[in-house]
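K.L.:
Before I ask anything, let me first share the structure, which is written out below as structure tokens.
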């Protein structure tokens, strides 16, 4: 019998019906389509005849090649030269491709590429495929996976279209060395056998060794990691282990549970040689209208190192829910056994915990409302829990009217709350504020601002005499108070062009504030105005208290001079100095040393020097009116060099204030530096207390990170002392090491 063979010219496109013995016996020739504007397929691009569709057994096998031979009697197609063949949405590229229409078996040789619909590419020396390219045997496999994953194997078998059983496997996500591509990568996993599940995006190794620079370092009988952009799957996460004074040796083995597409749970059991096991968990869930997050733990303390014995734990949680387009609700629940427990088990050092439940509404930028209730927890043994307040309800509403015909704006708000304590002052307050602001300009360029503010508040209280710094004898009662303040401010910016050097601004500012004297205000509770600091930030405020329980009264004049030079390169030099003068001798509710207790206030100043974008100096200060003595200073400097070096320095001085315990000044300096060379980062930071003549905190870090590997070492030392014992807090020293193999996982070691 004479064989019938047909040859087609360069870049022929041939559509061959799926294996059909009947058609082969008839000797029919498949149709030939002339090549027009042929473009190679991109990785993951579906075939033109079946975009995005799953393979169909009846779909044809389509070729593009420089030369195609078709043996009609044997129903055998041979394509050579830049071959591209696809059936459904799977693509094969090779130097030579043979397809048997009787059996449906395809063989590809020479520079073979299997391109999957998700963009992953498998390279091979030769491939034998069947079942619409889904199954086959592969020799010399090399795979390019998502997230830069690279896999190689001596041989492989693919079944089900997505499962690869590999033999003598090597995997890494490191780029090959440019100078020596055959050199071992920074790290790689070498295994006897492995399974690559492309559908589940998982790689599983058996009898695996992790090598660094070709040197075997770690052996494991089984290893599994995501292969590409894997969906959420349950499984063990990378462990953390270490040693501490309190725990001894410990290991934490987290387990991730993907409950469903909307919720997940992480279990964090921790086992230690000197303590009972500690069990932590993290839970997250998303709804169509909100989300919930929770973190908690439970353990038993043996009572070593000045810690109490017994069961202990914590919970940190939050929830946010959208009720409609205007309103949302939420909660924050945070409780813990003690600050020492959080420090020891590495749940974060917190001095105080706040919990709340709330609902709030938003009406653009014109109106806002919030109703909430709050509880607080002090975590140190020295905290007097009977004085810690419970707040509820706490109601705040504000509204801003549209700009009126004069150009002014009216604002209205109300802030009402109830505060309860086991011992100390119980307070219920209703407060209402009305404000108005009108900006104006004169013909000379002066900028005027008229402001007015009216406050009305009523109180009901018990045990007021127990409040700090209160000497009155009336413990229980009610009170009402009103205050009105009005101000007229003026500033005149004088601008001078400096040619190629930018422009300069000199701006004098004056404000006259008037209102009735408020006198002694110790007859009403103080819940929101205890913290007070006089700086340039509140020099021109109508009421320089941050809250409303203390009101500033009388008439005063505020004045300041501001100067600035703006450079064309984006740099600037800016400074401000000012003070205020009160016409009455009545010091009002300000405490001694606040800076505004006298008729002439202290001087406040601000300076900012930034000659270039890489150098910035910012400072704020307050100086005594009588002799210029320093009362407050906050300095910060940031320098960023072109060598990727950043240096920061700071200084902070605050005087002793009666509302903080212990009553003592704060006098500290701080310094930090961070340097980066290529993939390396090094940093150090420290704070030193000049008043106590000891360090406050010292930290240092070094890290290396490239496309496939991460190494990080951190050191932290805190010198804060427990006032009850005069000892350093537990877990005040931390040494942390972390090694990460990208796309596989990381492991950490921690010493305390």
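The values are calculated or read from the model by the stated rules, or taken from the named source; none is laboratory data. Please read all numbers here as calculations on a predicted model, not as lab measurements. Note that each Cβ is placed from the backbone with ideal geometry, even for glycine, and that neighbours are counted across all protein chains shown.
K.L.:
Tally up the residues in region 655-681 that are assigned to a strand (DSSP E or B), free of Cβ contacts under 8 Å to residues at least 24 places away in the same chain and either in contact with a helix residue (DSSP H, G or I) (Cβ under 7 Å, 6 or more places away or on another chain) or more than 22 Å from residue 636 (Cβ to Cβ) (or both), please.
P.N.:
Counting residues in region 655-681 that are assigned to a strand (DSSP E or B), free of Cβ contacts under 8 Å to residues at least 24 places away in the same chain and either in contact with a helix residue (DSSP H, G or I) (Cβ under 7 Å, 6 or more places away or on another chain) or more than 22 Å from residue 636 (Cβ to Cβ) (or both) gives 0.
K.L.:
Which residues, counting only those in region 580-589, are free of Cβ contacts under 8 Å to residues at least 60 places away in the same chain, surrounded by 15 or more Cβ atoms within 10 Å (Cβ to Cβ) and either assigned to a strand (DSSP E or B) or under 42 Å from the mean Cα position of the chain (by Cα) (or both)?
P.N.:
Once the filter is applied, which keeps residues that are free of Cβ contacts under 8 Å to residues at least 60 places away in the same chain, surrounded by 15 or more Cβ atoms within 10 Å (Cβ to Cβ) and either assigned to a strand (DSSP E or B) or under 42 Å from the mean Cα position of the chain (by Cα) (or both), region 580-589 yields 580, 582.
K.L.:
Name the residues in region 173-216 that are within 17 Å of residue 741 (Cα to Cα), assigned to a strand (DSSP E or B) and modelled with pLDDT under 90, would you? Don't jump to the end; show me each part of the working.
P.N.:
Quick first cut of region 173-216, residues within 17 Å of residue 741 (Cα to Cα) only: 173-176, 184-191, 202-205, 208-216.
The next check asks that each one be assigned to a strand (DSSP E or B); those that pass are 187-191, 202-205, 208-212, 215-216.
Within region 173-216, 202, 203 qualify.
K.L.:
While we're on this one: Considering only region 642-654, state which residues are more than 19 Å from residue 590 (Cα to Cα), more than 26 Å from the chain's Cα centre (by Cα) and assigned to a strand (DSSP E or B).
P.N.:
Of everything in region 642-654, those that are more than 19 Å from residue 590 (Cα to Cα), more than 26 Å from the chain's Cα centre (by Cα) and assigned to a strand (DSSP E or B) turn out to be 651, 652, 653.
K.L.:
Then there's this: In region 131-158, how many residues are over 21 Å from residue 174 (Cβ atoms) and modelled with pLDDT of 85 or more?
P.N.:
Count: 9.
K.L.:
Condition (residue is out of contact with any strand residue (DSSP E or B) (no Cβ under 9 Å at 6 or more places or on another chain) and either part of a loop (DSSP other than H, G, I, E, B) or surrounded by 19 or more Cβ atoms within 10 Å (Cβ to Cβ) (or both)) applied to region 597-615: is it met by at least one residue?
P.N.:
Here is the first cut: in region 597-615, the ones out of contact with any strand residue (DSSP E or B) (no Cβ under 9 Å at 6 or more places or on another chain) are 597, 612.
Add one more test, that the residue is either part of a loop (DSSP other than H, G, I, E, B) or surrounded by 19 or more Cβ atoms within 10 Å (Cβ to Cβ) (or both), and what stays is 597.
The answer is yes, given that some residue of region 597-615 is out of contact with any strand residue (DSSP E or B) (no Cβ under 9 Å at 6 or more places or on another chain) and either part of a loop (DSSP other than H, G, I, E, B) or surrounded by 19 or more Cβ atoms within 10 Å (Cβ to Cβ) (or both).
K.L.:
Within region 260-275, which residues are in contact (Cβ under 8 Å) with a residue 24 or more places away in the chain and either surrounded by 13 or more Cβ atoms within 10 Å (Cβ to Cβ) or in a strand (DSSP E or B) (or both)?
P.N.:
264, 266, 268, 270, 272, 274, 275
K.L.:
Within region 363-393, can you find the residues that are in a loop (DSSP other than H, G, I, E, B) and out of contact with any strand residue (DSSP E or B) (no Cβ under 9 Å at 6 or more places or on another chain)?
P.N.:
The answer is 364, and nothing else.
K.L.:
Suppose we filter region 556-577 for residues that are in a loop (DSSP other than H, G, I, E, B) and either free of Cβ contacts under 8 Å to residues at least 40 places away in the same chain or on the phi < 0 side of the Ramachandran plot (or both); how many remain?
P.N.:
Qualifying residue count for the region: 4.
K.L.:
While we're looking at this one, here's another question. Condition (residue is modelled with pLDDT of 90 or more, out of contact with any strand residue (DSSP E or B) (no Cβ under 8 Å at 6 or more places or on another chain) and outside any strand (DSSP E or B)) applied to region 691-706: is it met by at least one residue?
P.N.:
Checked region 691-706: at least one residue is modelled with pLDDT of 90 or more, out of contact with any strand residue (DSSP E or B) (no Cβ under 8 Å at 6 or more places or on another chain) and outside any strand (DSSP E or B).
K.L.:
Still on this structure, I have one more. Please specify each residue of region 176-189 satisfying the condition of being closer than 21 Å to residue 140 by Cβ and surrounded by 19 or more Cβ atoms within 10 Å (Cβ to Cβ).
P.N.:
185, 188, 189
K.L.:
Exactly one of (1) in contact with a helix residue (DSSP H, G or I) (Cβ under 9 Å, 6 or more places away or on another chain); (2) part of a strand (DSSP E or B) is unmet by residue 246. Its number?
P.N.:
Among (1) in contact with a helix residue (DSSP H, G or I) (Cβ under 9 Å, 6 or more places away or on another chain); (2) part of a strand (DSSP E or B), the lone unmet condition for residue 246 is (2).
K.L.:
Moving on to the next point. Against the definition (over 31 Å from the mean Cα position of the chain (by Cα), part of a strand (DSSP E or B) and within 29 Å of residue 163 (Cβ to Cβ)), how does residue 221 come out, yes or no? Working first, answer last.
P.N.:
On the way: over 31 Å from the mean Cα position of the chain (by Cα): yes; part of a strand (DSSP E or B): yes; within 29 Å of residue 163 (Cβ to Cβ): yes.
Yes: the conditions hold for residue 221.
K.L.:
Checking the conditions here, which among 155, 173, 167 is within 20 Å of residue 209 (Cα to Cα) and crowded, with 19+ Cβ neighbours inside 10 Å? Steps first, answer last, please.
P.N.:
Numbers: 155 fails: crowded, with 19+ Cβ neighbours inside 10 Å; 167 fails: crowded, with 19+ Cβ neighbours inside 10 Å.
Checking each option against the conditions leaves just 173.
K.L.:
Examine region 538-555 for a residue that is in contact with a helix residue (DSSP H, G or I) (Cβ under 7 Å, 6 or more places away or on another chain), touching a residue at least 24 places away in the same chain (Cβ under 8 Å) and outside any loop (DSSP other than H, G, I, E, B), and state whether such a residue exists. I'd like the intermediate steps shown before the answer.
P.N.:
Of region 538-555, the ones in contact with a helix residue (DSSP H, G or I) (Cβ under 7 Å, 6 or more places away or on another chain) are 544.
With touching a residue at least 24 places away in the same chain (Cβ under 8 Å) added as a condition, the list becomes 544.
Next, only the ones that are outside any loop (DSSP other than H, G, I, E, B) stay: none.
Looking through region 538-555, none of the residues is in contact with a helix residue (DSSP H, G or I) (Cβ under 7 Å, 6 or more places away or on another chain), touching a residue at least 24 places away in the same chain (Cβ under 8 Å) and outside any loop (DSSP other than H, G, I, E, B).
K.L.:
When you check residue 127 against the structure, is it surrounded by 17 or more Cβ atoms within 10 Å (Cβ to Cβ), within 28 Å of residue 707 (Cβ to Cβ) and touching a strand residue (DSSP E or B) at 6+ places or on another chain (Cβ under 9 Å), yes or no?
P.N.:
Details: surrounded by 17 or more Cβ atoms within 10 Å (Cβ to Cβ): yes; within 28 Å of residue 707 (Cβ to Cβ): no; touching a strand residue (DSSP E or B) at 6+ places or on another chain (Cβ under 9 Å): yes.
Spelling it out, it is not the case that residue 127 is surrounded by 17 or more Cβ atoms within 10 Å (Cβ to Cβ), within 28 Å of residue 707 (Cβ to Cβ) and touching a strand residue (DSSP E or B) at 6+ places or on another chain (Cβ under 9 Å).
K.L.:
Ok, one more. Could you say whether any residue in region 487-507 is surrounded by fewer than 17 Cβ atoms within 10 Å (Cβ to Cβ), modelled with pLDDT under 95, under 15 Å from residue 550 (Cβ atoms) and out of contact with any strand residue (DSSP E or B) (no Cβ under 8 Å at 6 or more places or on another chain)?
P.N.:
no
The rows are residues; the columns are (1) in a helix (DSSP H, G or I); (2) free of Cβ contacts under 8 Å to residues at least 60 places away in the same chain; (3) buried (at least 16 other Cβ atoms within 10 Å of the Cβ); (4) more than 24 Å from the chain's Cα centre (by Cα).
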site	(1), (2), (3), (4)
325	no, yes, no, yes
328	no, yes, yes, no
333	no, yes, yes, no
341	yes, yes, yes, yes
347	no, no, yes, no
350	no, yes, yes, no
354	no, yes, no, no
359	no, yes, no, yes
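K.L.:
Answer with yes or no whether residue 283 is surrounded by 13 or more Cβ atoms within 10 Å (Cβ to Cβ), without any contact (Cβ under 8 Å) to a residue 40 or more places away in the chain and touching a strand residue (DSSP E or B) at 6+ places or on another chain (Cβ under 9 Å).
P.N.:
Considered against the rule, which asks whether it is surrounded by 13 or more Cβ atoms within 10 Å (Cβ to Cβ), without any contact (Cβ under 8 Å) to a residue 40 or more places away in the chain and touching a strand residue (DSSP E or B) at 6+ places or on another chain (Cβ under 9 Å), residue 283 comes out as yes.
K.L.:
Just checking, which of 418, 431, 457, 467 is over 26 Å from residue 541 (Cα atoms), surrounded by 16 or more Cβ atoms within 10 Å (Cβ to Cβ) and at pLDDT 95 or above?
P.N.:
Values: 431 fails: over 26 Å from residue 541 (Cα atoms); 457 fails: over 26 Å from residue 541 (Cα atoms); 467 fails: at pLDDT 95 or above.
Answer to the check: 418.
K.L.:
May I pose another question? Looking for whichever is touching a strand residue (DSSP E or B) at 6+ places or on another chain (Cβ under 9 Å) and either within 26 Å of residue 665 (Cα to Cα) or surrounded by fewer than 17 Cβ atoms within 10 Å (Cβ to Cβ) (or both) here; the options are 560, 577, 592. Which one fits? I'd like the intermediate steps shown before the answer.
P.N.:
Working: 560 fails: either within 26 Å of residue 665 (Cα to Cα) or surrounded by fewer than 17 Cβ atoms within 10 Å (Cβ to Cβ) (or both); 592 fails: touching a strand residue (DSSP E or B) at 6+ places or on another chain (Cβ under 9 Å).
After ruling out the rest, the residue left standing is 577.
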